[in-house]
Amino acid sequence: MSDDREERIKARAFELWQQEGSLDGRTLGHWLQAEREIQEEQAVEARRRDQADVVGLAAAHNPTH
């Protein structure tokens, strides 16, 4: 796991813990939820990059000059 990804998960898990009243006993649950959320964010970012690449390639192959 990259350091940046792990830091994002750690920060999100801490936010979840705070939102639930800072109670002990849900550390693993918060971590797993944060991990899922970060994974989904990264998947969305990757799809956006892929779509931008496709649009860029299409524009490069279809000049409007």
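Among the residues of region 42-58, are any touching a residue at least 12 places away in the same chain (Cβ under 8 Å), aliphatic (A, V, I, L, M) and assigned to a helix (DSSP H, G or I)?
Within region 42-58, none of the residues are touching a residue at least 12 places away in the same chain (Cβ under 8 Å), aliphatic (A, V, I, L, M) and assigned to a helix (DSSP H, G or I).
Checking the structure you have, find out if any residue of region 3-24 is of a type outside the set (Val, Ile, Thr), surrounded by 16 or more Cβ atoms within 10 Å (Cβ to Cβ) and within 9 Å of the chain's Cα centre (by Cα).
Yes, region 3-24 contains a residue that is of a type outside the set (Val, Ile, Thr), surrounded by 16 or more Cβ atoms within 10 Å (Cβ to Cβ) and within 9 Å of the chain's Cα centre (by Cα).
Determine the pairs where a residue that is without any contact (Cβ under 8 Å) to a residue 24 or more places away in the chain, located within region 20-34, has a partner that is assigned to a loop (DSSP other than H, G, I, E, B) and acidic (Asp, Glu) with Cβ atoms under 9 Å apart, the partner being 6 or more residues away or on another chain.
So the pair list comes out as 26/20; 30/20.
Each value in this text was obtained by applying a stated rule to the coordinates, not by laboratory testing. Please read all numbers here as calculations on a predicted model, not as lab measurements. Heads up, the Cβs are rebuilt from the backbone with ideal geometry, glycines too, and the neighbour counts pull from every protein chain shown.
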